[in-house]
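Some notes on the structure that comes next.
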Amino acid sequence: MSKKIPSKIPENIKEYISYNSVTGDLTWIKRPSNRAQVGTIAGNANSTNGYTVIEFKHVPYKAHRVAWFLKTGEQPPDEIDHRDGDGLNNAWGNLRDATHNQNQHNKGKQHGNSSGYKGVTYVKTADKWRARIMLNNKSIHLGYFDAPELAHEAYCKAADEYHKEFANHGTN
């Protein structure tokens, strides 16, 4: 059974961990337990959720939330987006405050994607490729196309227009 990861970061964590905002590394500067060694990187990459998780005083915390707290001195916002989509890259320039929808817009293509392109599916009954995009929790139909590349072009144009700096074309 996994522990629920709390969102609030304890004040005293800054006595134990330092944050290198250029590299994104969080390093132990004081031992909170026998397992943590001063000078070593805090946390472990979690293959289940794609983030580094730091156990502090027997409670798990997401490293990007700890980084936010250590850099700003403030509790992190509800959602923090990794600009490059890499949940392990906690460099300050890669982290930004985001709404839930903005965070979703910045996701790459889904693992079960059969077209190879984000926002593109094949519609057998039409024998065409359909482009769709999500906006405000609603699916917007962008059209049917003869080739998946053409449908993806339509998706990318719409993503740039609607999602702006959170647009992700699904190529990374």
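Of all residues in the range 54-89, which are surrounded by fewer than 16 Cβ atoms within 10 Å (Cβ to Cβ), modelled with pLDDT of 95 or more and among the β-branched types (V, I, T)?
If the condition is that a residue be surrounded by fewer than 16 Cβ atoms within 10 Å (Cβ to Cβ), modelled with pLDDT of 95 or more and among the β-branched types (V, I, T), then T72 is the only one that fits.
Would you check which residues across the range 22-32 are under 20 Å from N94 (Cα atoms), among the hydrophobic types (A, V, I, L, M, F, W, C) and surrounded by 14 or more Cβ atoms within 10 Å (Cβ to Cβ) and list them? Before the answer, list the steps.
Just the residues of the range 22-32 that are under 20 Å from N94 (Cα atoms), to begin with: 22-27.
Keeping just the survivors that are among the hydrophobic types (A, V, I, L, M, F, W, C) gives 22, 26.
Once the filter is applied, which keeps residues that are under 20 Å from N94 (Cα atoms), among the hydrophobic types (A, V, I, L, M, F, W, C) and surrounded by 14 or more Cβ atoms within 10 Å (Cβ to Cβ), the range 22-32 yields only L26.
Any idea how many residues of the range 81-97 are hydrophobic (A, V, I, L, M, F, W, C) and within 17 Å of N49 (Cβ to Cβ)?
Step one: list which residues in the range 81-97 are hydrophobic (A, V, I, L, M, F, W, C), which gives 88, 91-92, 95.
Next, only the ones that are within 17 Å of N49 (Cβ to Cβ) stay: 88, 95.
Of the residues in that region, 2 qualify.
Of all residues in the range 53-103, which are touching a helix residue (DSSP H, G or I) at 6+ places or on another chain (Cβ under 8 Å), more than 21 Å from T171 (Cα to Cα) and of a type in the set (S, T, N, Q)?
The one that is touching a helix residue (DSSP H, G or I) at 6+ places or on another chain (Cβ under 8 Å), more than 21 Å from T171 (Cα to Cα) and of a type in the set (S, T, N, Q): Q75.
For E161, which of the numbered conditions (1) part of a loop (DSSP other than H, G, I, E, B); (2) closer than 30 Å to P76 by Cβ fails to hold?
Failed condition: (1).
Condition check ((1) touching a strand residue (DSSP E or B) at 6+ places or on another chain (Cβ under 8 Å); (2) modelled with pLDDT of 95 or more; (3) surrounded by 14 or more Cβ atoms within 10 Å (Cβ to Cβ)) across all residues:
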position: Q110; (1), (2), (3): no, no, no
position: S114; (1), (2), (3): yes, no, no
position: T125; (1), (2), (3): no, yes, no
position: D146; (1), (2), (3): yes, yes, no
position: A151; (1), (2), (3): yes, yes, yes
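Would you kindly identify the strands (runs of 3 or more DSSP E) lying entirely within the range 38-120 that contain at least 1 residues that are free of Cβ contacts under 8 Å to residues at least 40 places away in the same chain?
Numbers: elements: 44-46, 51-56, 59-62, 80-82, 95-97.
Strands (runs of 3 or more DSSP E) meeting the threshold: 44-46, 51-56, 80-82, 95-97.
I'd like to know if the range 135-144 contains one or more residues that are assigned to a strand (DSSP E or B), surrounded by 15 or more Cβ atoms within 10 Å (Cβ to Cβ) and touching a strand residue (DSSP E or B) at 6+ places or on another chain (Cβ under 7 Å).
Among the residues of the range 135-144, at least one is assigned to a strand (DSSP E or B), surrounded by 15 or more Cβ atoms within 10 Å (Cβ to Cβ) and touching a strand residue (DSSP E or B) at 6+ places or on another chain (Cβ under 7 Å), which makes the answer yes.
Go through the range 33-53 and give me each residue that's open to solvent by less than 30 Å² (accessible area, probe 1.4 Å) and either out of contact with any Pro (no Cβ under 7 Å at 6 or more places or on another chain) or farther than 24 Å from N94 by Cα (or both).
We begin by selecting, within the range 33-53, every residue open to solvent by less than 30 Å² (accessible area, probe 1.4 Å); these are 36, 42-43, 52-53.
Passing the criteria: A36, A42, G43, T52.
Filter the range 1-21 down to residues that are loosely packed, with under 11 Cβ neighbours inside 10 Å and closer than 23 Å to E79 by Cβ and give me whichever is modelled with the lowest pLDDT.
Per the criteria, the residue is S2.
The values are calculated or read from the model by the stated rules, or taken from the named source; none is laboratory data. None of the values given here were measured: they were computed from a predicted structure. In this analysis, Cβ positions are derived from the backbone assuming ideal geometry, glycine residues included, and neighbour counts consider all displayed protein chains. Areas reflect the complete protein model, heavy atoms only, side chains present, ligands, DNA and RNA absent. Shrake-Rupley method; radii C 1.70, N 1.55, O 1.52, S 1.80 Å.
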